[in-house]
Amino acid sequence: MAYDTIGGMYAVLVINIEAPLEGVFHYHVPTDLAPQLRVGHLVEVEFGRRLAQGIVVAFDEQAPVEETKPIIALVDPEPVLWPWQIELAQWLSREYLAPLNGCLRLMLPPGLTRWADVVVDINPYWDGNGRLTDLQQQLIDLLRRKGDLRGRQIQRALPKTDWKTAVTQLANRNILRKATVLDPPRVRPKQIRTAELIAGPQRVQAGLRQLGRASKQADVLFYLAGLDDPLPEETAVLAATGASPHHLAALAEAELISIADLGFGIAEEASPQSQIPNPKSISLAIPHKDVLPQALALRGAATYHQIITLLAKAAQPVAISDIYAVTGANLQHLKKLAKLDLIRLGAEEVWRDPLADRDFTPAEAPQLTMDQARIWGRVKMAMIEAEDEDVGASGWEGDGVSVTPTPPHPYTPTSPQPFLLHGVTGSGKTEIYMRAIDYALARGKQAIVLVPEIALTPQTVRRFAARFPGRVAVLHSRLSDGERYDTWRRARQGLFDIVVGPRSALFTPLPDIGVIVVDEEHDPSYKQTPPVPPPYYHARETAVHLGEILNAAVIMGSATPDLVTYHRAQGGRYRLLELPKRVMGHRHRVQSQAERLHLTPHYFQSGEDPDDALTIPLPPIQVVDLRQELRAGNRSIFSRALETAVTETLERNEQAILFLNRRGTATFVICRDC
């Protein structure tokens, strides 16, 4: 008997477990989850006899089996995958003969995947009787000492043993109890503790006066600050505060108050000749605004005032760690202020951004050379034509429920043909990338920039962050799990527009990708190989297919293109763009270096290029007639062994080819039919 379903609706899931799985599984949607569930959601289900995570890839009105299990819960309230990521994973599975769940796992952030585990404890109703093997006895003793344990904890305690079989045997005898659970997430959003000022100036003044140890000098300052009479008599001050003359003397010595003599008067019932001094007057020697900090300092409570001042200037929650660093306070100071309702302690989520502490100097776009302008014009026209088609890029329907098949042809009229940008080193390929990205960003789209090695990521990030400050993120395997998780979440929310990284950055879940750049496309690092688990995809080929799905421009650049890529470009599958001229620098930089080194530069300015752009011809190819050089007695280019080999070759009327590397080392090849 099948379980009840909502309108006959079933969710089609890919189960995310360690074992490779090819197929999908149907689960029915409970009533409470029906309004929330969408394609791309990560859910918790029962798979076999254990708990597992599943990814919703589609919905179906019918199930291929009579009985289906229900979806238990949502792991995340928002879908964790875009529809285009699911379509790309399905293509990866077909293209590279890889398990579908492994392909989808490429798209998930680290720490979100939770593997199934088992929890084991001793049955409280076991009477303690029964024969046990040595391993079973070790397991019972371990559980008695530690209490209930997870499978991974047992594995660490009893390594190199078949504890799983022992647990199953004891569970079948009702000696142990076991249940399946999912591991807790490895990564969570980072929370920092904060403090925020919530009281007004009057409440702050009243509250701070209650802090610190007793101090008669502080009482005198507070008393004088609250009087309307600017010159009270000394006797009145002493009577009101309970202070003594030596307290006043100490304040006067610290230049906090002034003590003035009012002169002499005539005492009653005395002769005019007998005179006694009048009482002295007391007044503040500091502004009223300085009374509170000075009084709190006398009470040993200056730290409280520093905290309040810092929070008042910030006018927003401040990280407790920052408060500690600036004021030298501790948690007890903050708790006292919170008890007086002057501040509020709380927590705030922060992003773990590897670029947060780096500053990049903004850079303006340079003027293009004629070659660059020609290339950029062709790229821009292709992007405009693709944009004018005004059709869905991915083929997924807007309601997120059903999906149309992947187009059978690799290049549809709405998908811009990929570009192969063949340019010598220093020809300005990166500027073409930036122009294309700038064009896409202006239309509300995002960009992915792939580099072959993690080592190349910092310099690429520096160039793009200088051109697009505050809009660039980096993603690669050397980041911490927390940084990668937060970068994934920021990408989902569209909080940055450009991601730079090696092949794994291709799966960053940006909302609307318009440009994909594959720099140094010939590099073999773009191919995923063992010991990394499958799929063993090629990032270049995957980027091209992703461009088809998203109707995005794909630009592959290289000074030495891959043979396959170049053949496709020659055959018309890709658009071949060439930058044959090397742009060596700007005029003022070259001239300043030449003056400093007292050299004559060999750079020149082509009439068709901007005035500031200088170029230099590539080293010419030199063809040497070895027979003629030997006859002329020029043996400086040969070692003795090489000279002998070349001489013997020429005597046999054969030809020779010498390959020289940059250091001048030669490789000798005999060519019989050149």
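The values are calculated or read from the model by the stated rules, or taken from the named source; none is laboratory data. Computed from a prediction, not measured in an experiment: that's the story for all the values here. Glycine also receives a Cβ, built like all others from the backbone with ideal geometry; neighbour counts cover every protein chain displayed. The area values use the complete protein model at the heavy-atom level, side chains included, leaving out ligands, DNA and RNA. Shrake-Rupley method; radii C 1.70, N 1.55, O 1.52, S 1.80 Å.
The 1.4 Å probe gives accessible areas that order Met9, Met381, largest first, as Met381, Met9.
Within segment 214-231, whose backbone N sits under 18 Å from a point 7 Å along Cα→Cβ of Asp290? Residues 217-226 fall inside that zone.
Taking Cβ atoms as reference points and 14 Å as the exclusive limit, the residues near Pro535 contribute a net charge of +1, counting Lys and Arg as +1 and Asp and Glu as -1. Here the Kirkwood formula, the inverse mean of 1/r across different C-alpha pairs, assigns segment 122-237 a hydrodynamic radius of 21.3 Å. These residues, Lys313, Lys445, go from largest to smallest accessible area, 1.4 Å probe, as Lys313, Lys445.
Maximal additional length on extending the Thr425-Glu78 stretch stands at 120.5 nm, based on 0.36 nm per residue less the C-alpha distance.
Which entries in Lys216/Lys339; Lys146/Lys190; Lys280/Lys336; Lys164/Lys527; Lys160/Lys527; Lys289/Lys336 show an alpha-carbon gap greater than 28 Å?
Lys146/Lys190; Lys280/Lys336; Lys164/Lys527; Lys160/Lys527
Using the average count of surrounding beta-carbon atoms within 10 Å as a protection proxy, the listed peptides 168-178, 434-444 rank, highest first, as 434-444, 168-178.
Rounded to the nearest 10 square angstrom, His333 shows an accessible area of 40 square angstrom against a 1.4 Å probe. Compactness check for segment 2-130: Cα Rg over 2.2 N^0.38 Å is 1.20.
The H on the amide N of Ile343, modeled in the peptide plane, is under 5 Å from the matching H of Ile198, Ala338, each at least 5 residues off or on a different chain. Counted residue by residue at 0.36 nm each, then reduced by the alpha carbon distance between them, the extension gain from Gln138 to Lys313 reaches 56.8 nm.
Treating each Cα of segment 13-73 as an identical point scatterer and summing with the Debye formula, the log10 of I(q)/I(0) at q = 0.18 Å⁻¹ comes to -0.60.
Find the centroid of the Cα atoms in segment 160-207 and in segment 110-133, then give the distance between the two in whole Å. Segment 160-207 and segment 110-133 have Cα centres spaced 19 Å from each other. Arg378 sits with roughly 110 Å² accessible to a 1.4 Å probe, with DNA, RNA and ligands left out of the calculation.
Taking amide hydrogens as placed 1.01 Å from N in the peptide plane, the amide H of Ala58 sits under 5 Å from those of Val12, each at least 5 positions away in sequence or on another chain. Dividing the Cα radius of gyration of segment 440-515 by its Kirkwood radius returns 0.93 for Rg/Rh.
The figure for Thr235 is an accessible area of roughly 90 square angstrom, using a 1.4 Å probe on the protein chains alone. Across Asp486, Asp519, Asp229, the residue with the most accessible area heads the list, and the full order at a 1.4 Å probe is Asp229, Asp519, Asp486. Per residue, the convex hull around the alpha carbon atoms of segment 61-161 comes to 244 Å³. The convex hull around the C-alpha trace of segment 287-326, projected and averaged over every direction, spans 3.1 square nanometres.
Under 12 Å from the Cβ of Pro99, count the other residues' Cβ atoms, weight Lys and Arg +1, Asp and Glu -1, and hand me the total. With Lys, Arg at +1 and Asp, Glu at -1, the neighbours total 0.
Tell me, what is the percent relative contact order of segment 459-590, built from C-alpha pairs under 8 Å that lie six or more residues apart? If you can, show how the numbers build up before the last one.
Working: 133 pairs, mean separation 24.3, N = 132.
After rounding, I find 18 percent.
Carbon-plus-sulfur fraction of the accessible area of segment 120-268, 1.4 Å probe, in percent?
Carbon with sulfur: 49 percent of the solvent-accessible area.
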